[in-house]
Amino acid sequence: MPLVIDSPQTDAIELGEIIEYLHDENIDTSDHDQMIAAAPMLKRLSNNRSFLGDMALDELKKRTGIGNGSNNYGPQVIMLYAPTKRQQTFFLRANFWPSNNDHILRASGPEQFFYHHPHDHSFNFLTVGHFGPGYSSNYYTYDYEDTAGYPGEPVDLKFVEKSSLSEGKVMLYRACYDIHDQLPPESMSISLNIMELTVRGSVVDQYGFDVERNFVGNMINRMSMCSLMPVIAQVGGENAQDYLAETARSHLSERVRFAALKAMAAKQPDLETTMEVFQQGTRSESALVAGWAQHKLTRLESLRA
């Protein structure tokens with residue numbers, strides 16, 4: 001489970017102080033020890049019981065910030081400090097966690113808040129319970145290096161415990177290791193986070209899991225390069241098809257390779273030729289590509305039957 005970091009600090013700081021600290025100390029958020037070293041500052045910020053409400057009120061009065069382009073996460077998140085400098089490896093945010101009794105959860109559904117969706121993260125983040133009883137989680141760990149990442153792949157999930165992110169509790173979620181199945185808190189809660197902002201979050205896969213049957217469910221993070229593959233497959237010319245074939249064969253990222261293969265399959269005129277493309281994919285040296293291709297092929301075979 002995430003590392004629980006003893007943080008007995010009782011004094012409070014302003015938002016600007018933790019931002020200055022993170023910059024001055026050049027904190028490497030991909031390093032566990034450096035994130036742990038930042039825990040006392042995050043706890044001190046959480047001890048400031050007025051800064052978040054003041055910030056939200058100020059933004060609402062200006063009618064900016066929370067609802068504009070500076071917040072890419074939606075209504076669950078307030079961006080406290082966005083990336084502003086070159087080579088910055090962190091950003092700060094506040095997350096709101098509604099309970100089952102809150103209208104926003106009933107209206108939007110639990111999936112919008114990742115409740116009941118066991119998942120890992122492709123980045124580190126340090127979190128503190130700032131307000132309310134905090135969401136609870138069933139915590140697991142797994143071995144990322146032994147996981148290819150295709151749907152239905154068996155994975156050795158190790159259950160650790162169930163606990164809540166209570167007020168003042170500081171935890172470090174470790175990339176590609178800690179899994180949590182989040183559950184709604186008993187009442188509205190808020191957490192504050194120092195988030196890793198490195199290339200890892202963009203190129204390393206993040207997974208959803210089936211913890212009842214111990215297998216990988218799906219990939220849940222986005223990769224912009226992959227989203228362009230279907231576009232060029234459908235509207236690109238011969239050069240685009242050559243590019244897709246070469247990408248599917250040799251790209252360094254296994255996930256990009258499969259995205260190219262899937263785009264090629266979608267371009268085919270009928271079910272049989274579509275299946276032929278995925279059949280080729282099942283012979284890939286990449287366990288991820290082969291596993292995903294077999295997953296797609298099995299679904300198509302069920303349609304043909």
Net charge within 11 Å of Asp146 by Cβ-Cβ distance, Lys/Arg positive one each and Asp/Glu negative one each, not counting Asp146 itself?
-4
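Send over the per residue convex hull volume for the chain, Cα only, as a whole number of Å³.
Working: hull volume 50.9 nm³, N = 305.
Measuring per residue, one finds 167 Å³ for the Cα hull of the chain.
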If every Lys and Arg gets +1 and every Asp and Glu gets -1 at its Cβ, then about the Cα centre the range 224-304 yields a dipole, in debye to the nearest 20, of 280
Under the Kirkwood approximation for Rh and a Cα-based Rg, what ratio Rg/Rh is obtained for the range 224-304?
0.95
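List the residue ranges in the chain for DSSP H helices whose C-alpha atoms run 24 angstrom or more along the long axis and whose Kyte-Doolittle average is -1.0 or above. Write down the numbers at each step before the final one.
Values: long enough: 287-304 (25 Å, -0.06).
Counting only whole DSSP H runs, the qualifying helices are 287-304.
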Please list, in order, the residues from the range 229-268 whose amide nitrogen is less than 18 Å from a point placed 7 Å along the Cα→Cβ vector of Leu303.
230-231, 233-234, 259-268
Applying the Karplus parametrisation 6.51 cos²θ - 1.76 cosθ + 1.60 with θ = phi - 60° to the phi angles of the range 99-107, what ³J(HN,Hα) value in whole Hz is obtained for each residue in order, glycine and proline being reported as x?
8, 4, 8, 8, 4, 4, 6, 5, 7
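If we count every other residue with Cβ under 12 angstrom of His32's Cβ, Lys/Arg +1 and Asp/Glu -1, where does the sum land?
Working: positive: Arg174; negative: Asp28, Asp31, Asp33, Asp178, Glu196.
Once positives and negatives cancel, what remains is -4.
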Any idea how far apart Gln280 and Val231 come out in nm if each label point goes 7 Å out from Cα toward Cβ?
2.4
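List the GluC sites (Glu not before Pro) in the range 208-305 that DSSP assigns to loop (not H, G, I, E or B) and whose Cβ has at most 10 other Cβ atoms within 10 Å. Which are they?
Numbers: sites: Glu212, Glu238, Glu246, Glu254, Glu272, Glu276, Glu285, Glu301; in loops: Glu212, Glu285.
Answer by residue number: Glu212, Glu285.
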Taking 0.36 nm per intervening residue step and subtracting the Cα-Cα distance, what contour gain separates Ser202 from Asp6 on full extension?
67.5 nm
Which is farthest toward the positive dipole end of the chain among Leu15, Ser202, Met225, measuring Cα position about the Cα centre, with Cβ charges +1 (Lys, Arg) and -1 (Asp, Glu)?
Met225
What is the set of long-range amide H partners of Tyr207 at a cut-off below 5 Å, with H atoms built 1.01 Å from backbone N?
Asp120, Ile220
Estimate the FRET efficiency between Lys85 and Glu111 by the formula 1/(1 + (r/R0)^6), using the beta-carbon distance for r and 30 Å for R0, to the nearest 0.05.
0.30
Contact order relative to length of the range 224-304, as percent, for alpha carbon pairs under 8 angstrom and 6 or more apart
23
Convex hull over the alpha-carbon atoms of the range 105-176: what's its volume per residue in Å³?
118
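FYI, it's all coordinate maths here, none of it is from the lab. Given the structure is predicted, the values throughout are model-derived calculations rather than measurements. All Cβ positions, glycine included, derive from the backbone under ideal geometry; neighbour counts span all protein chains shown.
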